[in-house]
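Have a look at the structure below before the remarks.
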Amino acid sequence: MKIGIFSDAYIPFTNGVTTSILMLKQSLEEKGHTVYIVTVSTSKKFEIEEQGKIIRLPSLPIPMYNYRISFLYHKKAMKIIESWHLDVIHSQTEFGIGMFARIISNKYNIPLIHTCHTMYEDYVHYINGGHFNGLFKNIVKKLTQKFCQRDNLELIVPTTKISKLYNEKYNIKKNIHVIPTGIDINKFDMNQYPNFDRLKLRNKLDISENDFVILFVGRIAQEKNLEILIQSMDKLSSHIKLLIVGDGPQLTQLKSISNQNVIYTGSIDWNDNIQYYYFIANCFATASHSETQGLTVIEAMAAKLPVIAINDESFTNTIKNGYNGYIFDNDKQYIDAIIKLYNNKKVLDKLSWGAYETSKEYSASLFADRLLEVYRKVL
């Protein structure tokens, strides 16, 4: 099968969507399929890569952290894409290149599948500077409805949270496929890295061998609600450290309210060595309400880390209290969960194993198989 993936997010830009596409591309190719990518360039130039299998459309930066948006039409790209003879198009964004995917689908009568990765209403403050949020959220809602209501579009979401949002709030009544995004589980297995020196990396970050490390990996931004994790550190032992891996627009502000037990790494290349930071942690924590699924939660589980997550439907289908982590509603519950893991190694070990077992349900191969079922359906 010849599959075209259309996305505004792709390397060198690092985020959950990029991670998902890279993993999907590899898994589909391993199963014998041919994958083509249409994405944005890092400039206003048109670019072709990987012997013509990747097209990068001219793009412009937008006021969202590390994002660019393409022009909606490109004649040269149209001719190249026509020569691919695609069986299906799988778009990964509603706007920019997502619109271009619609144009290609209509012109060449190619079935269109779309995955919703982002709750755009949680990000409008990057565009409007915090002004007229209601108006901008309504615009996002209307555009999403227009894109997703197409009769010939198959819609995929990673969690029931997004399925409910589309059904109830956006009034999209078509059949929605709930397919959790998968990950490369082996990448987060420390046994695959016999030369990795766990203590050396801890020492580099000024973390002692006996310190208990809470890990967060992701964009350092308002919608991630990191203040809850940071402010709770004042009520925890000095031998408990919060390691925040990533970069973003809120980094400077959060550093100003952090005590000495909060450690920031800055940006880390996911494709290079992000797994090492999971290996030096004892558990993973997140207080974000803006996730559609939260791939870092699955990555943490694959690395045998229990997850402490805020009560949000993005997490509640994955995290089971007392089996692979804890769900919390408030600061006290979060602190109690951390203390329980810190004080009781048997509980920590039990939840670590439960986390690893859960991660097997999200393998890249299973994810690709579930998507292939949808591709075959539209064909």
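The values are calculated or read from the model by the stated rules, or taken from the named source; none is laboratory data. The structure displayed is predicted, hence computed values, not measured ones. Positions of Cβ are generated from backbone atoms using ideal geometry, with glycine treated the same way; all protein chains shown enter the neighbour counts. Quick note on the areas: whole protein, heavy atoms, side chains included, nothing else; ligands and nucleic acids left out. Shrake-Rupley method; radii C 1.70, N 1.55, O 1.52, S 1.80 Å.
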Query raised in the report: Within the range 169-177, can one find any residue that is in contact with a Lys or Arg (Cβ under 8 Å, 6 or more places away or on another chain), open to solvent by 60 Å² or more (accessible area, probe 1.4 Å) and not polar (S, T, N, Q)?
Result: yes
Query raised in the report: Of all residues in the range 331-354, which are under 26 Å from the mean Cα position of the chain (by Cα), within 28 Å of Asp234 (Cβ to Cβ) and open to solvent by 70 Å² or more (accessible area, probe 1.4 Å)?
Result: Gln333
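Would you please name the residue that is farthest from Phe100 (Cα to Cα), looking only at residues in the range 31-58 that are within 22 Å of the chain's Cα centre (by Cα) and not in a loop (DSSP other than H, G, I, E, B)?
Val35
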Report summary line: For the range 360-379, pairs from a residue that is more than 15 Å from Lys187 (Cβ to Cβ) to a residue that is hydroxyl-bearing (Ser, Thr, Tyr), with Cβ under 7 Å and 6 or more apart or across chains, are Ala368/Ser27
Query - The lone exception for Lys345 - which of (1) in contact with a helix residue (DSSP H, G or I) (Cβ under 9 Å, 6 or more places away or on another chain); (2) farther than 21 Å from Leu165 by Cβ it fails - result: (1)
Report summary line: Scanning the range 165-181 for residues that are assigned to a loop (DSSP other than H, G, I, E, B) and closer than 17 Å to Glu291 by Cα gives Ile179, Pro180, Thr181
**Report entry** Residue within the range 309-326 that is more than 22 Å from Val178 (Cα to Cα), among the aliphatic types (A, V, I, L, M) and either touching a residue at least 12 places away in the same chain (Cβ under 8 Å) or open to solvent by 30 Å² or more (accessible area, probe 1.4 Å) (or both) present
**Finding:** no
Report task. Taking only the range 27-58 into account, find how many residues are open to solvent by 70 Å² or more (accessible area, probe 1.4 Å), under 27 Å from Gly182 (Cα atoms) and of a type in the set (Lys, Arg). Result -> 2
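Select from the range 235-253 the residues that are part of a strand (DSSP E or B) and either open to solvent by 30 Å² or more (accessible area, probe 1.4 Å) or within 14 Å of Ile214 (Cβ to Cβ) (or both) and list them in ascending order.
Filtering the range 235-253 for residues part of a strand (DSSP E or B) gives 240-246.
Ile240, Lys241, Leu242, Leu243, Ile244, Val245 - these are the residues of the range 235-253 that are part of a strand (DSSP E or B) and either open to solvent by 30 Å² or more (accessible area, probe 1.4 Å) or within 14 Å of Ile214 (Cβ to Cβ) (or both).
Would you point out which residue out of Ser314, Ser258 is among the hydroxyl-bearing types (Ser, Thr, Tyr) and either under 21 Å from Leu205 (Cα atoms) or out of contact with any helix residue (DSSP H, G or I) (no Cβ under 8 Å at 6 or more places or on another chain) (or both)?
Exactly one of Ser314, Ser258 is among the hydroxyl-bearing types (Ser, Thr, Tyr) and either under 21 Å from Leu205 (Cα atoms) or out of contact with any helix residue (DSSP H, G or I) (no Cβ under 8 Å at 6 or more places or on another chain) (or both), namely Ser258.
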Report task. Please specify each residue of the range 79-93 satisfying the condition of being of a type in the set (Gly, Ala, Ser) and either open to solvent by less than 10 Å² (accessible area, probe 1.4 Å) or in contact with a helix residue (DSSP H, G or I) (Cβ under 7 Å, 6 or more places away or on another chain) (or both). Result -> Ser91
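Among the residues of the range 200-221, which ones are more than 20 Å from Pro306 (Cα to Cα) and surrounded by fewer than 19 Cβ atoms within 10 Å (Cβ to Cβ)? Please lay out each step first, then the result.
Going residue by residue through the range 200-221, those that are more than 20 Å from Pro306 (Cα to Cα) are 200-201, 203-206, 208, 219-221.
If the condition is that a residue be more than 20 Å from Pro306 (Cα to Cα) and surrounded by fewer than 19 Cβ atoms within 10 Å (Cβ to Cβ), then Lys200, Leu201, Asn203, Lys204, Leu205, Asp206, Ser208 are the ones that fit.
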